[in-house]
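Take a look at the structure below.
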Amino acid sequence: MSWELFWLLVEASGLTIVYSAVSIFFGFLLAAAICGADLSGRAAVARPARLFVSFFRGTPLLIQLLLIYYLLPKIGLNVPSEVAAVIGLSFSTASYQAEILRGGFQSVPRGVVEAADMCGLSARATFRRIRLPIAVRLTLPALTSEAIMILKSSSLISVVGVVELTTMAKDLASSTYQPLPIFASAGFIYLVINLVVAGLGLWAERSARRGHA
Amino acid sequence: MTSLLGYLGGEDGRNILSGLVNTCVLWVVGTLLGTVLGFLTAVARRYGPRPIDWLLKACVEVIRGTPFLVQAYLLYFGGPYLCLELGGASACLTLDPFEAGILGLTIYAGAYFSELFRAGFDAIPRGHIEAATTVGLDRWQTLRRIILPEMTMLVLPAMVNMSILLLKETAVLSIISVKELKFQVDIIGNRDYAFVEAFTILALVYWALVELCGRAGRYAEARLSRYRFAHS
Amino acid sequence: MSTVPAIRVRGLVKRFGDVEVLSGIDLDAPRGEVTCLIGPSGSGKSTLLRCIALLEEATDGFIEIDGEPLGFGLGPNGERMRLPQASVRQVRAKIGMVFQQFNLWPHMTALGNVAEALVTVHGMPRAAANAKAMAELDKVGLAARAEHYPSELSGGQQQRVAIARALALEPRIMLFDEPTSSLDPELTGEVLSVMRGLADSGMTMLVVTHEIGFAASVASKIVFLDHGKLLVEGAPGTVFGKPRHPRIEQFLDTYLDRGAAGLL
Ligand SMILES: Nc1ncnc2c1ncn2[C@@H]1O[C@H](COP(=O)(O)OP(=O)(O)OP(=O)(O)O)[C@@H](O)[C@H]1O
Ligand SMILES: [Mg+2]
């Protein structure tokens, strides 16, 4: 297998990284909202939040992607397949991140929140300044694993015609008749990306640990 | 609704049913073989020589660090190019989609399960193993009578989750044309231009299976919880 | 007006489910003085303090801070009535609390912990808040540790930061719940001396403590709580002096140590 082919794969992996990063970002925002709704204690918002989490954790991502891809035009939203793919990935990771965050919030020591109460922080300020940052620090390892999960899962967006690393590998494999080295290289590139992400996660944990009682 | 029921009779119904059966076979066999492979890997890494541990660790990291779809592609499309020359004759890893699917799932599950079991081994208090040695159990007896039962309690919830993950991964195998549930429903959806309907139904079926599995897991956990060791 | 106590508790009852933890407490904490709350474990000291801080809602009874009702007041027909959130916040702003477990925010430096509420609650500019926080840390002898995170501080230092954090908000009353109980003996001294200084400056303090020596020398009033009831109250000399109430005798036998015997 030539370097040119390998280079094509590396270029395509840039798209994998972009789609994953965007999905993780939006997924996190959505997850924070879902988690807030779930923990709000108000059934009117907690129920739908829990249903959302249950659905997106309970069904294969592949089917979510296809469903969203075909459903959006039906409800009058004609968006490019890249957008549909990112929506699918975001919803999926949001449901996992929401569960992770919920665990994090439930592990925030009660006394630390009471101290915020005593200092007069409003519920909103307590959430934003105290509970959220502590919960995120507690959940960094799990969030890192989830980021790696999404990087791997992003290989599925090839089914709705989005070009990324796996699509490129598939195309090159069938046009060059060299599936073995090409898929192995694709796997290698995923591995490298994920090792970097894992390293970043460890680094983030270590720098956050300084701020841990 | 009548049209939906129409699908369940006749040819389509038979295809959907066979797809569902295949999905369940892939799921169950993948989980079982994966458990065995994962357990052997964990044991080999724990009791085997250092180089074996390193080698297996590398394998596990590679499998956990790459997408299942790429692994499936590699096995299915790359397999035929993976040949072993033996005295003039050559044998290649040519697999039909279903075989590739089972093999892929087993390897994938094995890697994750091995990590679960390793964590399980580590979570068993050293004192329990020492206690077994003091009353005269040998290594194998200790493993079978003490470590295994205790570890089952510890890793059961994670194993149920892993099994659910595997069920969802089986859908990916439709991409290498394994004739499982998603593959079969997909065909009908394509033929009738009923994509949204097809994928909605698929989602609901998987959701139901996952919920069922989760509930069964929690039930088993509750039933077994009285064997859980007392915390000191 | 001078007769109005800083804290007035009347008929306070607290139940957790069927368990009555406080059974009708009447308590006055005089302004500008230190009141120490002692009693065996499980007697309800923390619960009483947490009710006064409104971290728990009392089942019945009333609490007044500087004569203003806290949490519950009297309705038009003399019935017990929950007060609006705004008034609660206003009255509670007069109270600072220090916990046994310090409860510093782990993701903020010592300075950040002290400055946080100044910025988010009082809307101070960050620079001014930091300056004030620095001054408060200086008062507890920790200016040099301002940039350290809680995990990088000893227990005694953490507790002093927690005291500075409460003081920065200029409370009229300070509540302490066993502030030295999770500290090694050699670290309790530094926290107690900060508290002594605070008492000398005229702060109204209500302190739950097992440090009988501290209580005897600093408090103007000792309150002994047993099984959710206020058993004995009075000046340290009367409470600890002989003849003692048999329960106090028993309690002192259990807790008296750390050279406190000489003070009594
Ligand atoms: N949230 C709660 N739910 C149920 N029971 C509680 C709760 N908080 C406290 N209690 C009970 O109330 C009683 C008094 O507890 P409290 O913490 O006030 O005692 P304390 O005098 O502070 O004891 P210590 O010296 O050990 O701190 C105890 O029996 C305790 O178990
Ligand atoms: Mg207490």
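What follows is calculated from the coordinates using simple rules that are stated; it is not laboratory data. Computed from a prediction, not measured in an experiment: that's the story for all the values here. Heads up, the Cβs are rebuilt from the backbone with ideal geometry, glycines too, and the neighbour counts pull from every protein chain shown.
In the stretch C:134-166, which GluC sites (Glu not before Pro) fall in coil by DSSP and have 15 or fewer other Cβ atoms within 10 Å?
Details: sites: C:GLU136, C:GLU147, C:GLU152; in loops: C:GLU147.
Hits after loop and neighbour filter: C:GLU147.
P(r) for the stretch A:17-163, please, calculated from all Cα pair distances in 5 Å bins and given in %.
Going out from 0 Å in 5 Å bins, the stretch A:17-163 shows 2, 10, 17, 19, 18, 13, 9, 6, 3, 2, 0 percent.
On alpha-carbon atoms, Rg over Rh for the stretch A:146-207 using Kirkwood Rh? Could the numbers behind the result be given before it?
Working: Rg = 13.9 Å, Rh = 12.7 Å.
Radius of gyration relative to Kirkwood radius: 1.09.
For the stretch C:103-170, count the residues as N, evaluate 2.2 N^0.38 Å, and divide the Cα radius of gyration by that value, please. The partial results should precede the final answer.
On the way: Rg = 10.4 Å, N = 68, 2.2 N^0.38 = 10.9 Å.
Against the compact-globule rule of thumb, the ratio is 0.95.
So which lysines can C:LYS94 reach, going by Cα to Cα under 22 Å and dropping same-chain residues fewer than 8 places off?
Cross-link targets: C:LYS45, C:LYS132, C:LYS139, C:LYS221.
Find the relative contact order for the stretch B:5-231 and round it to a whole percent, using C-alpha pairs within less than 8 Å whose residues are 6+ positions apart.
Working: 236 pairs, mean separation 61.4, N = 227.
About 27 percent, as a whole number.
On alpha carbon coordinates alone, what is the Rg over Rh value for chain B, Rh being the Kirkwood radius?
Details: Rg = 21.4 Å, Rh = 20.2 Å.
Rg/Rh: 1.06.
How big, in percent, is the set of alpha carbon pairs in the stretch B:99-232 lying more than 19 Å apart? Each step should come with its number before you reach the end.
Numbers: 5680 of 8911 pairs.
Tail fraction, whole percent: 64.
In the stretch A:147-213, which chymotrypsin sites (Phe, Trp or Tyr not before Pro) fall in coil by DSSP and have 15 or fewer other Cβ atoms within 10 Å? Before the final figure, lay out the partial values.
Numbers: sites: A:TYR177, A:PHE183, A:PHE188, A:TYR190, A:TRP203; in loops: A:TYR177.
Qualifying residues, ordered by number: A:TYR177.
Just the projected area, averaged over all directions, of the convex hull on the alpha carbon atoms of the stretch A:67-134: how many nm²?
Values: hull surface 24.8 nm².
Reported value for the Cα convex hull: 6.2 nm².
Beta carbons within 10 angstrom, averaged per residue: use that to sort the peptides C:66-75, B:115-124, highest first. Walk me through the intermediate numbers first.
Values: C:66-75: 16.3, B:115-124: 18.2.
Highest to lowest by the protection proxy: B:115-124, C:66-75.
With N denoting the number of residues in the stretch B:4-88, provide Rg(C-alpha) divided by 2.2 N^0.38 Å, to two decimal places. Walk me through the numbers before you get to the answer.
Details: Rg = 19.4 Å, N = 85, 2.2 N^0.38 = 11.9 Å.
Dividing the Cα radius of gyration by 2.2 N^0.38 Å gives 1.63.
Viscosity 0.890 mPa s, temperature 25 °C: what is the translational diffusion coefficient of the stretch C:1-53 from Stokes-Einstein with a Kirkwood Rh over Cα pairs, rounded to a whole number of µm²/s? Kindly include the intermediate steps, with their values, before the conclusion.
On the way: Rh = 12.2 Å.
The calculation lands on 202 µm²/s.
Stokes-Einstein at 25 °C, 0.890 mPa s, Kirkwood radius from Cα pairs: D for the protein assembly as shown in µm² s⁻¹?
Working: Rh = 30.2 Å.
Value of D from the Cα-based Kirkwood radius: 81 µm²/s.
At 222 nm, what value in deg cm²/dmol follows for chain C if DSSP H runs of at least 4 each add -39500 (n - 2.57) and the sum is divided by all its residues, to the nearest 500? Intermediate results must be reported in sequence, preceding the final value.
On the way: 9 runs with 92 residues, N = 264.
Value at 222 nm, helices only: -10500 deg cm²/dmol.
Per 5 Å bin, what percent of the C-alpha pairs of chain C does each bin hold, from zero upward?
P(r) for chain C, in whole percents per bin: 1, 6, 13, 16, 18, 17, 13, 9, 5, 2, 0, 0.
Can you give the relative contact order of the stretch C:103-170 as a percent, counting alpha carbon pairs under 8 Å and 6+ residues apart? Before the final figure, lay out the partial values.
Details: 84 pairs, mean separation 31.1, N = 68.
RCO, the stretch C:103-170: 46 percent.
Can you tell me the dipole magnitude for the stretch A:1-154 around its Cα centre, using point charges on the Cβ only (Lys, Arg +1; Asp, Glu -1), in Debye to the nearest 20? Walk me through the intermediate numbers first.
Details: 13 positive and 8 negative charges, 138 e Å.
With only Lys, Arg, Asp and Glu charged at Cβ, the dipole is about 660 debye.
In chain B, what cysteines have no partner Cβ closer than 4.7 Å?
B:CYS24, B:CYS59, B:CYS213, each lacking another Cys Cβ under 4.7 Å.
In Å, what Rg and Dmax follow from the Cα atoms of the stretch C:31-91?
Answer for the stretch C:31-91, Rg first and Dmax second: 13.2, 40 Å.
Any lysines with Cα under 26 Å of the B:LYS57 Cα? List them, leaving off those in the same chain fewer than 8 positions away.
A:LYS152, B:LYS168
Which residue, B:ALA44, A:LEU202, C:ALA143, has the largest displacement toward the positive end of the dipole of the protein assembly as shown when charges sit on each Cβ (Lys, Arg +1; Asp, Glu -1)?
C:ALA143
To the nearest 20 debye, what is the magnitude of the charge dipole of the protein assembly as shown about its Cα centre, counting +1 on the Cβ of each Lys and Arg and -1 on the Cβ of each Asp and Glu? Could you put the intermediate results ahead of the total?
Values: 63 positive and 60 negative charges, 149 e Å.
Rounded to the nearest 20 debye, it is 720 debye.
Please tell me the relative contact order of chain A in percent, rounded to the nearest whole number, where contacts are Cα pairs under 8 Å and at least six residues apart.
Working: 226 pairs, mean separation 63.5, N = 213.
It rounds to 30 percent for chain A.
Work out the charge dipole of the stretch A:17-163 with +1 on the Cβ of Lys and Arg and -1 on the Cβ of Asp and Glu about the Cα centre, then indicate which of A:PRO80, A:GLY103, A:MET149 is farthest towards its positive end.
With unit charges placed on the Cβ atoms, the residue in question is A:GLY103.
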